[in-house]
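Structure record follows, encoded as structure tokens.
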Amino acid sequence: MASKKDKFERMNRLLRTYMINMQHFFNTLTPKLALTPQQARTLLYIKEHPGLIQRELGDHFHIRNASITNMLKNLERDGYIIRKNDNESARIKRIFLTKEGIEKAKQIKKVFDETCQKFIEQLDESKIDSVIASMTSLNNDLPK
């Protein structure tokens, strides 16, 4: 019988494998959109949170500020976002989607929704509920 530590290590391997597989899967979708997976997720997030600041993106995605800066420069260069000065502080730049960015976000959402629907059709809802409950419990029990 496996020890608690062995089970814990197996659980971690399975979670990492799942995340890697999902990342690979989304990597196959984003070339159709001419974006990296992170750029696609970022555009969707900006669409849902117009006027956010760069630090909020970094905090949400757990990405270093330098990486966010480079990605935003590329998205701005490609015409998907615009950074505007904040009304209260010229040092703060608020991020918004351009017209092209809004259209690209719609394309991304459509592709991701269609793909997620294919997954959903293959999964039993009770298993999804069980995984959600287990992961919520695990995340709540982690040492802070």
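The values are calculated or read from the model by the stated rules, or taken from the named source; none is laboratory data. All values derive from a computational prediction rather than experimental measurement. Here Cβ is always computed from backbone atoms with ideal geometry, including for glycine, and neighbour counts include all displayed protein chains.
Quick notes
- Checking the stated criteria, residue 65 turns out not to satisfy the condition of being free of Cβ contacts under 8 Å to residues at least 12 places away in the same chain and touching a Pro at 6+ places or on another chain (Cβ under 9 Å).
- Test result for residue 43, of a type in the set (A, V, I, L, M, F, W, C), part of a helix (DSSP H, G or I) and within 15 Å of the chain's Cα centre (by Cα): yes
- Candidates 90, 66, 40, 34 - the one that is small (Gly, Ala, Ser), exposed (fewer than 14 other Cβ atoms within 10 Å of the Cβ) and closer than 23 Å to residue 115 by Cβ: 34
- Residue 75 vs. criteria of a type in the set (A, V, I, L, M, F, W, C) and surrounded by 10 or more Cβ atoms within 10 Å (Cβ to Cβ): yes
- Residues of region 1-40 that turn out to be part of a loop (DSSP other than H, G, I, E, B) and within 28 Å of residue 68 (Cβ to Cβ), as a count: 3
- Spans of helices (runs of 4 or more DSSP H) in region 47-144 with at least 2 residues among the β-branched types (Val, Ile, Thr) and closer than 30 Å to residue 12 by Cα: 99-122, 125-141
- Members of region 107-130 that are surrounded by 12 or more Cβ atoms within 10 Å (Cβ to Cβ) and either without any contact (Cβ under 8 Å) to a residue 24 or more places away in the chain or among the hydrophobic types (A, V, I, L, M, F, W, C) (or both): 108, 111, 112, 128
- Residues of region 73-108 classified as at pLDDT 95 or above, of a type in the set (Asp, Glu) and under 21 Å from residue 55 (Cβ atoms), total: 1
- Evaluated against (1) closer than 20 Å to residue 31 by Cβ; (2) without any contact (Cβ under 8 Å) to a residue 24 or more places away in the chain, residue 75 falls short on exactly one condition, (2).
- Yes/no for residue 69 being under 21 Å from residue 98 (Cβ atoms), of a type in the set (Val, Ile, Thr) and within 16 Å of the chain's Cα centre (by Cα): no
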